[in-house]
Amino acid sequence: MKMASIASGSNGNCYYVENDDDAVLIDAGVSTKQIVGRMARLGLSLSKLRGVFISHEHTDHIRGIDVFSRKHAVPVFMTQKTHASSGCFIKDNPVSFFSPGKPVQMGSIRVHPFLKSHDAIEPCGFSVSSGSSRVAVLTDVGLHCENVIEHIRNADALFLESNYDDQMLKTGPYPVHLKKRIASDRGHLSNTQAGMITLEYATTRLKHVFLSHLSANNNTPELALATFRRITNERSDLKLEVRIASREKESPVVCL
């Protein structure tokens, strides 16, 4: 399997996973031009895409889906509640519905949607599998519920939210109500939480971690990496390649 972050952050999110024959996108929160251009720079083919799976209705996850799905005839998948909450933003392209907990087969790839904790109507994370390999996408999540723990334990690669540095959020310019929302169980994971969750629940099958959905105002790539490595280095059995999923550009393609 191969994977890449196309975009990751509050300005837009999009993640790519493929095997030899088929591919899916998780979210389409940036423009069609950005998705197509970044995929092209990575040598990724639009013709392999079998669908785009939407995690929840927030703008930074759906902004580009209408134009992208219509222009490139890519099927769109989401829950019925997410579709209703989104205001039916997709025109002239049918939407297929999935149920959290029930896998969806897309050619030779299987997408496993599962519920997570976030301030959306029915937010979902995803594990994408092919054969025995599994890639999990866990962003926009406020706590490590049993679903999150299970999919971390079974992941070979992980897009894991590392949204904020605790001190930067505490002393930063955001109003108190927004700070509380971000740090709540229905908000986002901090750098420390990302490290601790991996330390406690990852198995030795986990080889690749993309630290994802970094805040522009309450985090830096350097802090996210340093915090994650400091915490996870307590386990000598974990051999992880750790990368930052950028807000501004695509990541390299990583192969399992």
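The values are calculated or read from the model by the stated rules, or taken from the named source; none is laboratory data. All values derive from a computational prediction rather than experimental measurement. Quick reminder, even Gly has a Cβ in these numbers, built from the backbone with ideal geometry, and neighbours come from all protein chains shown.
Data for the structure
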quantity	calculated
Contacts under 7 angstrom Cβ, first residue in region 60-71 being aliphatic (A, V, I, L, M), partner surrounded by fewer than 22 Cβ atoms within 10 Å (Cβ to Cβ), 6 or more apart	Ile62/Ser86; Ile62/Phe89; Ile65/Ile90; Val67/Thr32
Which listed residue, of Ser55, Ser108, is hydroxyl-bearing (Ser, Thr, Tyr), touching a strand residue (DSSP E or B) at 6+ places or on another chain (Cβ under 9 Å), surrounded by 21 or more Cβ atoms within 10 Å (Cβ to Cβ) and touching a residue at least 12 places away in the same chain (Cβ under 8 Å)	Ser55
Flag if Phe77 is among the hydrophobic types (A, V, I, L, M, F, W, C) and in a helix (DSSP H, G or I)	no
Test: residue in region 41-53 that is closer than 24 Å to Ala120 by Cα and either of a type outside the set (Phe, Trp, Tyr) or at pLDDT below 95 (or both)	yes
Cβ-Cβ under 6 Å pairs, at least 6 apart or on other chains, region 188-212 side of a type in the set (Phe, Trp, Tyr), far side not in a loop (DSSP other than H, G, I, E, B)	Tyr201/Ile149; Tyr201/Ile152; Tyr201/Arg153; Phe210/Ser5; Phe210/Phe159; Phe210/Arg243
Among the residues listed as Leu225, Leu206, the single one being buried (at least 21 other Cβ atoms within 10 Å of the Cβ) and either in contact with a Pro (Cβ under 8 Å, 6 or more places away or on another chain) or closer than 22 Å to Ala4 by Cβ (or both)	Leu206
Residues of region 150-176 that turn out to be over 13 Å from Leu189 (Cα atoms) and more than 15 Å from the chain's Cα centre (by Cα), as a count	12
Qualifying position, being in contact (Cβ under 8 Å) with a residue 60 or more places away in the chain, in a helix (DSSP H, G or I) and surrounded by 20 or more Cβ atoms within 10 Å (Cβ to Cβ), among Met39, Met3	Met39
Selection from region 90-105 of residues that are within 30 Å of Arg181 (Cα to Cα) and either of a type in the set (Lys, Arg) or loosely packed, with under 14 Cβ neighbours inside 10 Å (or both)	Phe97, Ser99, Gly101, Lys102
Failed condition for Asn93, given (1) touching a helix residue (DSSP H, G or I) at 6+ places or on another chain (Cβ under 8 Å); (2) outside any loop (DSSP other than H, G, I, E, B)	(2)
Residue match in region 131-149 (condition: in a loop (DSSP other than H, G, I, E, B) and of a type in the set (A, V, I, L, M))	yes
